[in-house]
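Okay, so here's the structure we're looking at.
The values are calculated or read from the model by the stated rules, or taken from the named source; none is laboratory data. On a predicted model such as this, the values are computed, not experimentally measured, just so you know. As a convention, Cβ positions derive from the backbone with ideal geometry for all residues, glycine included, and neighbour counts pool all protein chains shown. For the accessible areas, the whole protein counts, side chains as well, though only heavy atoms, and no ligand, DNA or RNA atoms are used. Shrake-Rupley method; radii C 1.70, N 1.55, O 1.52, S 1.80 Å.
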Amino acid sequence: MSIDLNFDNVTLAVLTLDGKLIRLKRFKTPHRRILTHRIWIERIQGRYPRSWRFTKGIREAIERHGERIRSTSRDYAHKLGDLIAELALRFRSVVVLEDLEKLRENGKKNRRFNKRLGLWFYRRVQFCVEYEARERGLEIVKVDPRGTSSKCPRCGGKLVENGYRVLRCRKCSFIGDRDVTATINLYKKYVSRYSRCGVPGVVLNAPKPDEAPSGMRGNRDEAMKNISSCMNSYES
Ligand SMILES: [Zn+2]
């Protein structure tokens, strides 16, 4: 199971070791709600730049927004961690996460993560996922997230944006949902790192870009059959 975190969504994919996609789920993050509270705090502080620290009423108003931010993220991270770990347990999955420390090392601006939120929220979600997964005796692996949302999972070519949340490869004809592509790349990084004897040359089935991962509309089998040969390994 590989998990991609970004501003709007948490996307997870469960894949077999020979590259068959068996589950795809997407959860909305409460980021926009959190950001709204943060904007309120900044607005209040901006309106009373000198006095907000010393006026009880103002301080309390700020505190209320702060508390909402904390409880929202706490509840969300806990629920999601539990849910993900339960699903991973059901499939006896290894849980593959992005190494957020690597993300910082890479140093480059990462558009997936909103600057105002920083990495704390993602860390908290990961912490809960890890904690719950360990409790269930599952293995957790962290891989370098570099290139997971810019590299074609089929040929290794550069991906360019192709409409809202959709990426397209310039070299081959691969087109995929941004978040799903990231989970496939994370999975591939895990597989290439841990299977020394090489991956069987099995094709990886990816859903159509217009297919919504959560509760995939239409014929599920049809979506699953839309096979793109992502398993022809590329050098990462
Ligand atoms: Zn390609």
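Could you please find all residues in the stretch 139-179 being within 23 Å of Lys25 (Cβ to Cβ), within 15 Å of the ligand (Cβ to nearest atom) and β-branched (Val, Ile, Thr)? Within the stretch 139-179, Thr148, Val166, Ile175 meet the criteria.
Checking each residue in the stretch 47-63 for being in contact with a helix residue (DSSP H, G or I) (Cβ under 9 Å, 6 or more places away or on another chain) and not aliphatic (A, V, I, L, M) picks out Arg47, Tyr48, Ser51, Trp52, Arg53. Can you find a residue in the stretch 122-130 that is at negative phi, at pLDDT 90 or above, aromatic (Phe, Trp, Tyr) and within 13 Å of the ligand (Cβ to nearest atom)? Checking the stretch 122-130: not a single residue is at negative phi, at pLDDT 90 or above, aromatic (Phe, Trp, Tyr) and within 13 Å of the ligand (Cβ to nearest atom). For the stretch 152-172, the criterion of a residue being open to solvent by 20 Å² or more (accessible area, probe 1.4 Å), of a type in the set (A, V, I, L, M) and farther than 23 Å from Gly19 by Cβ is satisfied by at least one position.
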